[in-house]
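Any read-out appearing in this document is the output of simple, stated calculations on the displayed coordinates, not a laboratory observation. All of these numbers come straight from a predicted model, not from anything done at the bench. With ideal geometry, Cβ positions are generated from the backbone for all residues, glycine too; neighbour counts draw on all protein chains shown.
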Amino acid sequence: MLFRCDHCGVEFHADPSKIPNPNVKFKCIKCKIGQLTFVPKEGDSEQDSEEREAAIRPGTKKDPKRAIPTNPNEARKMLTQIKELPSLPFVATKLMELTALPTTTMKQMEEVILKDSALVSKVLRYSNSGLYGRAGQITSMTDALVLLGFSTIKTIVIASSVKSMHAPNARGYCAEGKTLWAHSVEAAVAARLLAKLRNKALVEEAFIVGLLHDIGKSIIGIKLPDVVRNLVALRKGNELTFDEIEIRILGIGHSELGAILCKKWNIPDILEKAIFHHHSPNLNKKEPFLSHVAMISDAISYYLSTPSVDQPEREAEILELESSKFLELDRDSFRDIAIETQETIDRDRKNLDL
């Protein structure tokens, strides 16, 4: 059985015979702060995964005390309890603090990252992906910091940290059976390309927003997996968005829940607001550009999962969105970004943790 710390991200394997109830909480022996949480095996089939997760699902026979909420107020309260929301690992939190200080040195950044060998490996993989055009050039943290800069390294560390918060087989609401993580990475790649095209000063911010825009869905899927099935069933043939359906059923949408999580993580306000308004970009008075980017990058991920015969119709729908007009997207620029997103994903699946 695999357990992962909700604070530092370290993983431990345990003998199932010695842990009859995986819902039991263990204090992390590495960071001494977080709790170890049961994680299904990556190679499990969906059925196997569901059976493993049954022990920690709310409302199951093995966990009768955590019943499924019966009304939106109760659900909202359960989902938004700050103490129960996952924390960013210490390294990610520390790096965010350092990058906000003008006096931070490269040596300070490097020392913090080198404290987590697993994170170092992930950072180097991301650094050598097609996202940054440095394939094979970056072999050390010093190289990464010099060639990519503090802001990009912070983005990569956040991406590496967030990956641990996604269950390996969690498909949730995602397009055509994709995992929520795969959808998030696709959206992040597309968001970065959109920013490179329209606002290069916000390239790294766009990537983070694309990566985190649906993080609220992950929280809902972890805490209320059975409810997700109901949400998906209600969405079929319904003109309402998932956010609108969630608000009716749970008292909160994944957009607001994602923003609450960002606040807990001390993610900059500009990113928090972008995630909060990614379904209503025009309401974002802080920086509407990032919310528009999030909406289109999300749409591109779904577009890439659309059967080719239906893509022209889907493309036309996307180009009619207010966000496409805001970003001045035409058919050619949209297709160029969609193609480059797919090529980046196909080329760098391993480096992007897919």
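Using the Cα centre as the reference, give the magnitude of the dipole from point charges on the C-beta atoms of the stretch 87-164 (Lys, Arg: +1; Asp, Glu: -1; all else neutral), rounded to the nearest 20 debye.
Details: 8 positive and 5 negative charges, 36 e Å.
Once rounded to the nearest 20, the dipole reads 180 debye.
So what's the gap between the Cα centers of the stretch 235-273 and the stretch 281-352, to the nearest angstrom?
One Cα centre to the other: 20 Å.
Based on the mean of other beta carbon atoms within 10 Å per residue, what is the order of 212-218, 281-287, 240-246, most packed first?
Put in order of decreasing packing, that is 212-218, 240-246, 281-287.
Which shape class, rounded, prolate or oblate, goes with the stretch 126-265 when its Cα gyration tensor gives a ≥ b ≥ c as root eigenvalues, a/c under 1.5 marks rounded, and past that a/b bigger than b/c marks prolate?
On the way: a/c = 2.27, a/b = 2.13, b/c = 1.07.
Prolate.
On a 20 Å Cα-Cα criterion, which of the cross-link pairs 154/285; 94/163; 94/122 come out too long?
154/285
Grab the Cα-Cα distance for residue 82 and residue 336, subtract it from 0.36 nm times how many residues apart they are, and report the gain in nm with one decimal.
Length gained, residue 82 through residue 336: 87.4 nm.
Which Rg and Dmax, in Å, describe the Cα atoms of the stretch 186-309?
When restricted to the Cα atoms of the stretch 186-309, Rg and Dmax are 14.4, 43 Å.
In the stretch 87-164, if every C-alpha pair distance is counted and binned at 10 Å from zero, what percent goes to each bin?
20, 59, 21, 0
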